[in-house]
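Report on the structure given below.
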Amino acid sequence: MFTSSMKNFDNPLPPKEVHFLNLKVEPWEDNARLKIFVKISQFSTPPNLSFFIKDKNDLLMSEVTLIENIETDFVFTMHLKNYSDQKELFIFGEIFYDDEIGVVDKISSSFSV
């Protein structure tokens, strides 16, 4: 079982107050993979996170869900499906809990590859 003291959090927030601090995207050299940099607030209960990348026509290019994340600052890679020299893309992020709390924060931004 996770406890906020395991991460030495000095100000863990309750689930309804957990939020994004930063979301940044950097393409790999092949432009078909993306490095996703995420920073979220400290938490008392590990949150779930979902990320979606869409093109300007709202076509889903990539998605990932992280269950019971225990980090506040992390990086992961997303692969673009059907990559065809897309220039402008959009990333959407959600922090959520499975119980009645649901989605507690959302973030989105555009980026170029």
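Descriptive notes on the structure:
- Stretching Trp28 away from His79 to a fully extended chain increases their span by 17.4 nm, per 0.36 nm per residue minus the current alpha-carbon distance.
- The GluC sites (Glu not before Pro) found in segment 1-65 that occupy coil by DSSP, while having at most 10 further C-beta atoms within 10 Å, are Glu29.
- Site-free segments of the chain were taken between trypsin sites (Lys or Arg not before Pro) in DSSP loops having at most 16 other Cβ atoms within 10 Å, sites themselves excluded; the longest one is 1-55.
- Net charge of Cβ neighbours under 11 Å - reference Ser62; Lys, Arg +1; Asp, Glu -1: +1
- Between amide H atoms placed 1.01 Å from N, distances below 5 Å from Ser62 occur with Ile53, Lys81, all of them 5 or more places distant or on a separate chain.
- Taking a straight line from the alpha carbon of Lys35, these lysines sit under 27 Å away, with near neighbours fewer than eight places off in the same chain left out: Lys7, Lys24, Lys54, Lys56, Lys81, Lys87, Lys106.
- Backbone N atoms of segment 37-64 closer than 11 Å to the 7 Å Cα→Cβ label point of Phe92 belong to residues 51-55, 58-61.
- In the chain, Cα pairs under 8 Å separated by at least six residues give a relative contact order of 27 percent.
- Global geometry of the chain, whether rounded, prolate or oblate, following the gyration tensor of its Cα atoms and the 1.5 cut on a/c: prolate
- Structure remark: mean-square fluctuation, Gaussian network model of the chain, C-alpha springs under 10 Å; the largest value among Ile101, Ile36, Ile67 belongs to Ile101.
- Listed residues Asn69, Ser44, Leu34: farthest to the positive end of the dipole of the chain (Cβ charges): Leu34
Laboratory data are not the source of any read-out in this text; all were calculated from the coordinates shown. These numbers were taken from a predicted model, which means no experiment stands behind them. So basically every Cβ, Gly included, is an ideal-geometry build from the backbone, and we count neighbours across all protein chains shown.
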